[in-house]
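Working notes for the structure below.
The values are calculated or read from the model by the stated rules, or taken from the named source; none is laboratory data. Because the structure is a prediction, the values reported are computed rather than measured. Counting neighbours? That spans all protein chains shown, and the Cβs are built from the backbone with ideal geometry, glycine included. The protein model used for the area step is the full one, side chains on, heavy atoms only, and it has no ligands, DNA or RNA in it. Shrake-Rupley method; radii C 1.70, N 1.55, O 1.52, S 1.80 Å.
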Amino acid sequence: MTDAVGHGKIILFGEHAVVHGCPALAMALPRGALARAQVSDVDRLHVLPFDSHIVLDGRVPEPELSPLYVAFEAALADAPGGRPRLAVQVELQVPAGAGLGASAALSVAILRAIDAALGRTRPDAEIIEASLRWERVFHGNPSGVDSAMAAAGGVAVFRKGEPLVPVPVSRLPALVVGHSGSAPSTREMVESVARQLARDPDKVRGIFEAIESIVINGRSALLRGDWKALGQLMVLNQQLLNTLLLSTSRLEAMCQAAIAAGALGAKLTGGGGGGCMIALAQDSGGAKAICDRLGDQFGAEAFVVGQGGSDAAQRGADA
Ligand code: PMV
């Protein structure tokens, strides 16, 4: 039996604005979550590496596990009546709460494992819809970018409510992902931006429009392989995210350190308020130097994606 896969992702440009209808440019990580399901006496879920166990026996679990209970129930809600009970085991391969789309990766892997055990295959669009029900339990009002990337992989432009548009990249950039250490709540960061939008709609809409231009120009730069332009756009996107109070002093310091170590640009990725940043290296050798700098200066966990990375998003490169 092969494991069912859900991809993690990084957002190159457009996080948060994407919740409000703007496009975002994202790249899937080959790693994310791996799941398998088999017939059992009761519906149960085991999540590694946390060793969290959920049993759907009608008994309310302890508070920190109750969202997982509700989400797992929702994941099984679409299954045909009279189905066998299932034991699902899932292993998360990216840090949770770090802006790498961990919960969407978990949901897609679990949904596909359930389908495989029941002998059915659903199109990506249905998996994404089901994954969104899971995401709403944890994130409140997700744009859907994480679920779409978790299911499809590759490099793509996402706009809320629309199908993912793959970006046929012939050469991937060398990107470093560095973890700032904290695991903020995406839901709280999204709510904070919504409050700012309600308070000062002209200012925040203006920021979203600027981010939308960055996404459009970023897609062109990526297709041309113009890493200098891509790096400059990352710096601009980071300034706008900082204006929305989504950055932290540690993320700013990590971005600056990456640029001092040779990066062409750097920004936070995902929900912000902590979590991960990404830096664009000139090449795979440069990426290694940036990883080392982030590790030495901040003790940060860092890895390379794209060119030179063990995590190359190959489906995007092949598209
Ligand atoms: O923090 P993550 O990996 O869930 O990424 C969230 C991306 C946001 O744009 C901030 C939220 C969303 O739903 O698109």
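Structure remark: mean-square fluctuation, Gaussian network model of the chain, C-alpha springs under 10 Å; the largest value among G225, G81, G273 belongs to G81.
Within the range 34-129, the ratio Rg/Rh, alpha carbon atoms throughout and Rh by Kirkwood, equals 0.94. Using only the alpha-carbon atoms, how far is helix 186-199 inclined from the longest principal axis of the chain? Give it as 0 to 90 degrees, nearest 10. Its long axis makes an angle of about 60 degrees. Report the net charge of residues surrounding T248, where surrounding means a beta-carbon distance below 15 angstrom and charges are Lys +1, Arg +1, Asp -1, Glu -1. Surrounding charge for T248 is -1. Applying the Kirkwood pairwise sum to the alpha-carbon positions of the chain produces a hydrodynamic radius of 19.7 angstrom.
The residues of the range 101-224 expose, per residue, 42 Å² of accessible area to a 1.4 Å probe. Only the Cβ atoms of Lys and Arg (+1) and of Asp and Glu (-1) were treated as charged; on that basis the dipole of the chain about its Cα centre amounts to roughly 500 debye.
Considering only alpha-carbon pairs that sit under 8 angstrom and 6 or more positions apart, the relative contact order computed for the chain is 23 percent.
Calculate the dipole size of the range 194-252 relative to its Cα centre from +1 charges on Lys and Arg beta carbons and -1 charges on Asp and Glu beta carbons; express the result in debye to the nearest 20. Dipole about the Cα centre, nearest 20: 100 debye.
Here the extension length gained between S40 and S182 equals 47.4 nm, from 0.36 nm per residue of separation less the Cα-Cα distance.
Think of the range 1-81 as having a plus end and a minus end, set by charges on the Cβ of Lys, Arg, Asp and Glu; of Y69, V18, L56, V18 sits farthest toward the positive end of this dipole. Charged neighbours of R85, selected by a Cβ distance under 9 Å, balance to 0 (K, R count +1; D, E count -1). Highest GNM mean-square fluctuation, the chain, Cα pairs closer than 10 Å: which of V190, V177, V165? Of V190, V177, V165, the Gaussian network model singles out V165 as fluctuating most.
Ordering of 34-40, 286-292 by packing is 286-292, 34-40, highest average first (other Cβ atoms within 10 Å, averaged per residue). Farthest towards the positive end of the charge dipole of the chain, among the residues L34, T2, S192, is the Cα of S192, using unit charges on the Cβ of Lys, Arg, Asp and Glu. Probe radius 1.4 Å, ligands and nucleic acids ignored: give me the carbon and sulfur share of the accessible area of the chain as a rounded percent. Whole-percent figure for carbon plus sulfur exposure: 52.
Hey, with R₀ at 51 Å, roughly what FRET efficiency would D3 and S213 work out to, going by the Cβ-Cβ distance, to 0.05? Efficiency for this residue pair is about 0.80.
Dipole magnitude for the range 1-123: about 380 debye, using +1 per Lys or Arg Cβ and -1 per Asp or Glu Cβ, origin at the Cα centre. Below 14 angstrom from the Cβ of P67, what's the summed charge of the other residues (Lys, Arg +1; Asp, Glu -1)? So the environment of P67 carries a net charge of -1. Pairs of lysines in the chain whose Cα atoms sit within less than 28 Å of one another amount to 10, provided the residues are eight or more positions apart or on different chains.
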